[in-house]
Amino acid sequence: MCGSVVLLVRTLQQTLHQMTSDLQTQGASQQTLQVVVPGVNLPVSQLAYFFSALLLSGVIHELGHAVAAIREQVRVNGFGVFVFVVYPGAFVDLFTTHLNLISPAQQLRVFCAGVWHNFVLCVTALCFLFLLPVFLFPVYYTGAGALVTDVVQGSPADGPRGLSVGDMVTALEDCDVGSVEDWHSCLTLSSHNPQPGYCVSSLALQPSWAHGRAFRRLDGSIECCSNNSLTDLCFSYTKLQEREFACLPVRKMLAGSHVCRSNVDCQSPLDNQAPRVCISPSLENQTRLIRLTHPPNTHMLFVGYPPHLQYAVSMTNFAPRFGFLNLELPVVIETFCKYVISLSGALAVVNSVPCFALDGQWMLSALLEATLVTLVKDRQRRELIGFFVLLGGSTLLAANVALGLWMVTAR
């Protein structure tokens, strides 16, 4: 109960900070609790996971109350499920007379059982998610790369020389990709690190100003391919201590080349061919040229903002050992486990809050009866203490919900 109150206070502080700060995206990513509105901040494609996980968490919560009540000799009158607006839930009906006859400590066990079972469900789903590669090992393997499960049509990753469902991405430039986590990490590094260069033969570097003179962009970078070609790109390189620019065919120049930072990286004493030079794409500040390796296909070349690839491509760590296996099955299991962890944990936190009409109300009442009888002998005073605590907890929860809804819908 104390932990849930601290968490709600912290969440309220973060929400207020987002309302007064321009860095709303960064604050939202660090927020532990967040109001979920289907179709607004929850994709429609995820609704089945959300509602099924919420129903499972609610059923396990109420079954926890029922099991604890039977253990404490309290009769269970009934059990059922319901739908409130669009959110599914569950309930258990206990015999009030039996519940009032048992001790406050026994009542506390019954009232806390729902939160406890949500916690157990959360830990169970977390362990299952962690051990999923072991469970699926006979039919799926991991560690070979990031397997493409979906590509958004019309996105930068789509096209004849783009990515396709079933491709295994193994590297982004010189950053090895062994999992989906590596994929995201490599894209993040590409966004923050300077654009690498490529070692090519100096014989191919005859300066050429394609269909016009080079011009300087607003950010200061040079564009020397003024014909908007889909195959050529402007590259810069150092020759005789001077900066030169050349419009070159990208795929032809990068075939078989390795990344570099300067001309020194391209020098090799065993190379008897023409000297090699490090060329760098002349791009705008946040734009990058990225070469994706997905054997046995040729490299995919991407020019743009690296995070766009994260939204254009869906990946999984699990690759099927047999052709008839579904690529989406591990993704479905992973996603469902993550929703169960999130929603079951959220139910445990919210129901622990000392708030009217939640488990926290009855937990607080039983707790005060079990601990304050000797200190505050007057029952009405104990009830008054409990009322003010409930009023504070209810206000805190209502403020989080109201401001959370406003942040999700109004912004």
What does the convex hull of the Cα atoms of the chain come to per residue, in Å³, rounded to a whole number? 214 Å³
Using θ = phi - 60° and the Karplus form 6.51 cos²θ - 1.76 cosθ + 1.60, what ³J(HN,Hα) does each residue of the stretch 108-119 get, whole Hz, x for Gly and Pro? 4, 4, 5, 6, 7, 5, x, 4, 4, 5, 5, 5
Ignoring ligands, DNA and RNA, what percent of the accessible area of the stretch 3-104 is carbon or sulfur (1.4 Å)? 64 percent
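Using a 1.4 Å probe, what is the accessible area per residue for the stretch 234-309, in Å²? Please report the intermediate quantities before stating the final value.
Numbers: 4280 Å² over 76 residues.
Averaged over the residues of the stretch 234-309, the accessible area is 56 Å².
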Sort 77-83, 367-373 by the packing proxy (mean of other Cβ within 10 Å over each peptide's residues), most packed first. 367-373, 77-83
Excluding ligands, DNA and RNA, what is the solvent-accessible area per residue of the stretch 44-117 at a probe of 1.4 Å, expressed in Å²? 55 Å²
Round to a whole number: what % of the accessible area of the stretch 130-202 belongs to carbon and sulfur, probe 1.4 Å? 59 percent
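Taking only DSSP H segments of four or more residues, each worth -39500 (n - 2.57), what value at 222 nm results for the chain once the sum is divided by all its residues, to the nearest 500 deg cm²/dmol?
Numbers: 12 runs with 180 residues, N = 411.
Estimated from H runs of four or more residues: -14500 deg cm²/dmol.
When a/c is below 1.5 the answer is rounded, else prolate if a/b is larger than b/c, else oblate, so apply that to the stretch 1-116 with a ≥ b ≥ c taken from the square roots of the Cα gyration tensor eigenvalues.
On the way: a/c = 3.75, a/b = 1.75, b/c = 2.14.
Verdict is oblate for the stretch 1-116.
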Of 356, 287, 317, whose Cα points farthest to the positive end of the dipole of the stretch 285-411 (charges on the beta-carbon: +1 Lys, Arg; -1 Asp, Glu; origin at the Cα centre)? 287
14 Å beta-carbon shell around residue 292, net charge (K/R +1, D/E -1): -2
Could you pull out every Cys in the chain that lacks a partner Cys with its beta carbon under 4.7 Å away? 2, 112, 122, 127, 337, 355
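The values are calculated or read from the model by the stated rules, or taken from the named source; none is laboratory data. Keep in mind that this is a model prediction, so the values were computed, not measured. When we count neighbours, we look across all protein chains shown, and the Cβ atoms used for this are built from the backbone with ideal geometry, even at glycine. Areas reflect the complete protein model, heavy atoms only, side chains present, ligands, DNA and RNA absent. Shrake-Rupley method; radii C 1.70, N 1.55, O 1.52, S 1.80 Å.
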